[in-house]
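Enquirer: Here it is, the structure in full.
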Amino acid sequence: MKNFKKMMALALAMVMVLAMSLPVFAAKGDEITATKGTITVENAANGETYTIYKIFDATISAVEGDNGVADSVAYKFTGDLPSTLSGVFEKVGDSDYVKVKAGTSDEAVIAAVKSYAATLSEVTHKVGDGDPVVFDNLDFGYYYVTSSQGANVTIDSANPDAVIYDKNSKTPEVGKEVEETSYSIGDTVKYTATFSTPNFLGEGKDAKQVTKIKVEDTLPPYLSNVKITSIKVVTTPAQEAVEDDPNTDEDESKAAVAEVSTPITGITSFGDSKTIFIPWSSYDSTNNTWSSLYPNNAQLVIEYEGTLNSTTNIGKDDRNDITFTPYVDARDTGDDDDDDDDDDDDKPYETEYSDHAEFKTYAAALKKIDGSSNPLKGATFTIKGLTVIPGDEAGVYIVSKYDPESDDQSAELSTDDNGKLYIVGLAEDVDLVVTEQKAPNGYNKLTETVTLEPQLMETTKYKTATWEKYDSHGNLIDSKTTETTEYTQNTKKLTDLDAAALKVVNNKGTELPSTGGIGTTIFYVIGAILVLGAGILLVTRRRMNAN
């Protein structure tokens with residue numbers, strides 16, 4: 001997603017093109033004979049439409065300087081400036097000549113020109129065919145050129161042959177994101193997959209038009225009830241407003257831009273084949289031609305979700321892959337498409353584009369001990385909002401659902417013979433509120449709740465590979481670092497969590513009065529006192545009689 005936004009920001013950026021050809025000087029006294037010019041779009045995308053609009057007329061005059069007589073250019077606008085331009089341009093005196101207002105940034109000028117061009121009728125347009133696009137026989141003036149990028153271009157006698165470079169990407173880009181970094185079993189896992197592509201793949205006249213896009217997801221077993229919640233094609237990404245930073249001299253201001261997108265309805269599932277097809281061009285069987293449905297480098301965005309199930313993801317990193325395969329016009333190759341297609345005029349492109357998203361699952365451990373750190377078995381706890389199923393071993397529980405807001409839902413769990421209790425299948429940020437329901441025999445029960453936090457079950461490391469391309473002079477001209485599907489899993493055993501286990505201490509109880517009456521002890525005490533008193537009295541009387 002980030003790469004796409006950066007690419008689109010570049011593609012949509014408008015570039016002020018100044019005099020890019022060598023200045024043309026006239027000898028003193030010579031008349032200016034050139035009155036027409038050209039605009040050339042280099043790196044023009046095959047199938048992309050380029051349209052030009054004239055913003056201002058340009059007037060040329062010969063001005064004598066230190067290096068002879070050169071052309072001086074001024075711009076004219078007949079009549080009052082429209083509101084789209086008057087904020088950044090102003091008339092010179094009472095004339096029709098215009099100039100940029102003092103203190104106006106280039107970005108503000110470009111934005112104003114773009115807005116004004118949207119109200120004009122085009123001068124002309126051309127569709128790229130793999131070669132540079134050339135507009136010729138143009139009157140001198142200040143022009144705006146639109147495609148997936150826009151450019152303001154001046155052509156005059158000093159710059160009769162203006163050149164702009166189309167920054168449209170010719171390489172598809174894919175991205176996949178998962179909403180959270182960790183989940184509890186029973187949670188809904190939400191994915192967003194994106195794919196941006198030019199309408200033609202390949203170079204020059206050999207480029208092939210993209211007809212549709214095949215989307216295939218691995219849909220691993222730890223996901224169930226998977227459904228597609230949204231499919232759309234974004235032609236203009238949303239852009240938040242940005243204000244200038246008062247602490248810098250750089251102009252950072254950007255107006256907010258609302259997203260422009262086309263929803264694709266009727267697809268709610270990947271189906272048993274784990275595959276869907278998205279049309280990218282329409283086919284005219286009468287003329288035997290394809291026509292692109294979307295602007296060049298539009299972005300396909302697919303949002304889908306599934307339930308994290310109760311057992312299959314325990315103890316490993318959850319990784320989910322998605323693959324986009326463009327199909328291209330195959331009429332010139334004679335090849336037929338045998339891949340579940342609805343016609344025989346297109347086939348898969350030579351390259352597939354994949355990305356993955358991953359999240360982690362955690363576990364929590366609790367250990368019941370006495371005041372001397374000896375383990376205690378037979379303690380029972382309840383945890384609010386938790387539903388579990390017993391694991392294969394005593395003291396091990398697998399989460400099936402966790403809803404901390406639920407007042408009716410709670411799990412009752414007991415420690416094993418070693419005083420241990422494990423809960424697996426938790427998100428990282430979960431705090432379990434634990435209440436002791438029953439203490440081991442002979443020990444006092446806790447009167448307050450304790451909080452149990454999960455620990456990481458596993459870490460995963462992926463290998464990376466770097467591809468580099470050099471020219472004949474040994475200069476690096478391209479490179480790419482990719483993450484391979486090979487990875488090393490470091491799975492922890494449940495006993496590895498013991499060091500971080502929450503230790504819950506129970507102390508031995510003291511003898512308390514019996515309930516239901518005053519008890520018999522008091523009678524024993526009183527009896528002993530009476531017997532002792534009678535013995536003392538008897539001894540005393542005998543001594544008195546003896547005397």
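Enquirer: Tally the residues that are at pLDDT below 90, assigned to a strand (DSSP E or B) and loosely packed, with under 13 Cβ neighbours inside 10 Å, restricting the search to segment 233-290.
Expert: Of the residues in segment 233-290, 2 are at pLDDT below 90, assigned to a strand (DSSP E or B) and loosely packed, with under 13 Cβ neighbours inside 10 Å.
Enquirer: Sort out which residues of segment 150-182 are of a type in the set (D, E, K, R), surrounded by fewer than 19 Cβ atoms within 10 Å (Cβ to Cβ) and at pLDDT below 90, and write them in order of number.
Expert: Those that are of a type in the set (D, E, K, R), surrounded by fewer than 19 Cβ atoms within 10 Å (Cβ to Cβ) and at pLDDT below 90: ASP161, LYS167, LYS170.
Enquirer: Among the numbered conditions (1) crowded, with 16+ Cβ neighbours inside 10 Å; (2) assigned to a strand (DSSP E or B), tell me where VAL430 comes up short.
Expert: Evaluating VAL430 over (1) crowded, with 16+ Cβ neighbours inside 10 Å; (2) assigned to a strand (DSSP E or B) leaves (2) as the failure.
Enquirer: Ok, one more. Looking only at residues that are among the charged types (D, E, K, R) and either within 20 Å of VAL257 (Cα to Cα) or touching a helix residue (DSSP H, G or I) at 6+ places or on another chain (Cβ under 6 Å) (or both) in segment 91-149, which one is surrounded by the fewest Cβ atoms within 10 Å (Cβ to Cβ)?
Expert: ASP106
Enquirer: To continue, here is another question. Just the residues that are of a type in the set (Val, Ile, Thr) and part of a loop (DSSP other than H, G, I, E, B), please, taken from segment 395-415.
Expert: THR415
Enquirer: Among GLU352, GLU303, which is farther than 28 Å from GLY128 by Cα and modelled with pLDDT of 90 or more?
Expert: Only one candidate passes the filter, namely GLU303.
Enquirer: Yes or no: LEU421 buried (at least 19 other Cβ atoms within 10 Å of the Cβ), assigned to a strand (DSSP E or B) and in contact with a Ser or Thr (Cβ under 6 Å, 6 or more places away or on another chain)?
Expert: yes
Enquirer: hydroxyl-bearing (Ser, Thr, Tyr), over 30 Å from ASP206 (Cα atoms) and at pLDDT 85 or above, is that true of THR119?
Expert: So THR119 passes the test.
Enquirer: Of the numbered conditions (1) over 23 Å from the mean Cα position of the chain (by Cα); (2) at pLDDT 90 or above, SER147 fails exactly one; give the number of that condition.
Expert: With respect to (1) over 23 Å from the mean Cα position of the chain (by Cα); (2) at pLDDT 90 or above, SER147 is out only on (2).
Enquirer: Now for a different question. Within the set of pairs 6 or more residues apart or between chains, which connect a residue that is under 13 Å from THR325 (Cβ atoms) and in contact (Cβ under 8 Å) with a residue 40 or more places away in the chain inside segment 208-230 to a residue that is of a type outside the set (Phe, Trp, Tyr) and part of a loop (DSSP other than H, G, I, E, B) with Cβ atoms less than 7 Å apart?
Expert: Filtered contacts from segment 208-230: VAL210/THR197; VAL210/ASN199; GLU216/LYS274; ASP217/LYS274.
Enquirer: Report yes if LYS377 is outside any strand (DSSP E or B), basic (Lys, Arg) and either assigned by TED's automatic domain parsing to the domain that holds ALA500 or farther than 21 Å from THR307 by Cβ (or both), otherwise no.
Expert: The answer is yes for LYS377.
Enquirer: Do the conditions hold for SER121, that is, is it under 43 Å from the mean Cα position of the chain (by Cα) and among the hydroxyl-bearing types (Ser, Thr, Tyr)?
Expert: Yes.
Enquirer: With the structure loaded, tell me whether SER372 is assigned to a strand (DSSP E or B) and either of a type in the set (S, T, N, Q) or modelled with pLDDT of 90 or more (or both) or whether it fails that test.
Expert: In short, no.
Enquirer: Could you list, in sequence order, all residues of segment 183-224 that are buried (at least 17 other Cβ atoms within 10 Å of the Cβ), more than 22 Å from the chain's Cα centre (by Cα) and closer than 25 Å to ARG331 by Cβ?
Expert: Answer for segment 183-224, where residues must be buried (at least 17 other Cβ atoms within 10 Å of the Cβ), more than 22 Å from the chain's Cα centre (by Cα) and closer than 25 Å to ARG331 by Cβ: ASN199, PHE200, LEU201, ALA207, LYS208, GLN209, VAL210, THR211, LYS212.
The values are calculated or read from the model by the stated rules, or taken from the named source; none is laboratory data. Model, not experiment: these values are computed from the prediction. Methodologically, a virtual Cβ is constructed for each residue, glycine included, from the backbone with ideal geometry; neighbour enumeration extends over all protein chains shown.
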